[in-house]
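Take a look at the structure below.
The values are calculated or read from the model by the stated rules, or taken from the named source; none is laboratory data. In this text, all values refer to a predicted model and were calculated from it rather than measured experimentally. We place every Cβ from the backbone using ideal geometry, glycine too, and count neighbours over all the protein chains shown. Please note that ligands, DNA and RNA were not included when accessible areas were found on the heavy atoms of the full protein model with its side chains. Shrake-Rupley method; radii C 1.70, N 1.55, O 1.52, S 1.80 Å.
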Amino acid sequence: MKPENYVDQVIEIATLAGKKIRDIYQKGEFEREIKSDNTPVTSADLAAHEIITRALTELTPDIPVLSEEDADIPFADRCDWQRYWLVDPLDGTGEFIAGSGDFSVIIALVEHNRPIMGVVYAPMTEVCYYGIAGLGSYKRKDGVEVRISSKQLTNDSDSLRLAVSRRQDPKSVIKLFNQDKHCELVVLGGAALKSCLIAEGRADCYVRIGPTGEWDTGAAQIIVEEAGGQIMDLNLQPLTYNERESLENPNFIVVGSPALEWDQILINE
């Protein structure tokens, strides 16, 4: 299976789910619940989940789908998967509820425990980012597509542009960096959208402290990597996919310039 043969269909699926989310968002009529992990889920999340899982199953009946909204598949049942779809139907549910518009649909194709294709679609701006292993990363809007790349900094740079959440205390992020670096904040909601800022060179790094799932980073990882960046845990080790019972990520950092001395830039607390 060549992922490039499926990317347009996957973008179409993400767009279809995004239109449903946008319709619910604009009407302002949605149901909200708290899941067992104490995170919110809305009727928009569930509607997008149904659209995506049904469409992906029709597109590739032999490839299983692992979605955030159906993630209780035991490790014993999925540990031998050689290839699967990894989905977050609505990344940024908190942003959706708060009305910021900063949320996205995420679909990744994982092969041998590594993302090989990823799509991130932002319903409110109708911007789509995607990446394919070995073929680069791209941004598509209004029928115009451009290849994107992260900004490569040198170690003597004294400034970093940090992508942070609208509701995140900036001090909690800035304190993780060496004081020799001046930090300029770039504010945006949604984990995947912040990672895409890194991929297109509009920010230099993004640190996520707190719980996320593998579905939050799968598509973003291949987009960032193909753009020249990297996603790592705070010990600067690669993230893993479907290799543990838990699907929860460690705290992680997204960087546009992997060659920088991040072990010196980050403060190891």
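Tabulated values for the structure
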quantity	calculated
1.4 Å probe accessible area per residue over the chain, in Å²	45 Å²
Taking the C-alpha atoms of the range 129-188, convex hull volume expressed per residue in Å³	134 Å³
At q = 0.18, 0.21, 0.24, 0.31 Å⁻¹, base-10 log of I(q)/I(0) for the range 176-218 (Debye sum, equal scatterers on each alpha carbon)	-0.60, -0.78, -0.95, -1.22
Under 12 Å from the Cα of residue 2 - aspartates and glutamates, other chains or at least 8 residues apart	111
Contour minus Cα-Cα distance for residue 113 and residue 2 (0.36 nm per residue)	38.3 nm
Computed label-point distance, nm, for sites residue 32 and residue 70 using a 7 Å Cα→Cβ extension	2.6 nm
The range 1-157, relative contact order in percent, only Cα pairs under 8 angstrom and at least six apart counted	19 percent
Tilt relative to the chain, helix 7-27 - C-alpha long axis, 0 to 90 degrees, to 10	90 degrees
Protein accessible area in the range 25-111, 1.4 Å probe - carbon and sulfur %	44 percent
Simple spin-label estimate for residue 146 and residue 237 in nanometres, 7 Å along Cα-Cβ	3.8 nm
Estimated [θ] at 222 nm from DSSP helical runs (n ≥ 4, -39500 (n - 2.57)) normalised by residues in the chain, nearest 500	-8500 deg cm²/dmol
Partner lysines for residue 19 [C-alpha distance under 19 Å; skip if fewer than 8 residues away on the same chain]	27, 139, 141
Sequence-separation-based contact order of the chain, relative, with Cα cut under 8 Å and 6+ spacing, percent	17 percent
The range 20-112, relative contact order in percent, only Cα pairs under 8 angstrom and at least six apart counted	23 percent
Carbon/sulfur fraction of accessible area - the range 126-192, other protein chains in place, 1.4 Å, %	48 percent
In degrees, nearest ten, helix 43-59 long axis to first principal axis of the chain (Cα)	70 degrees
Length gained when the stretch residue 59-residue 156 is fully extended (0.36 nm per residue, less Cα-Cα span)	30.1 nm
Beta bridges per DSSP with both ends in the chain, % antiparallel, nearest 5	80 percent
Computed magnitude of the charge dipole of the chain (debye, nearest 20; Cβ of K, R +1, Cβ of D, E -1)	740 debye
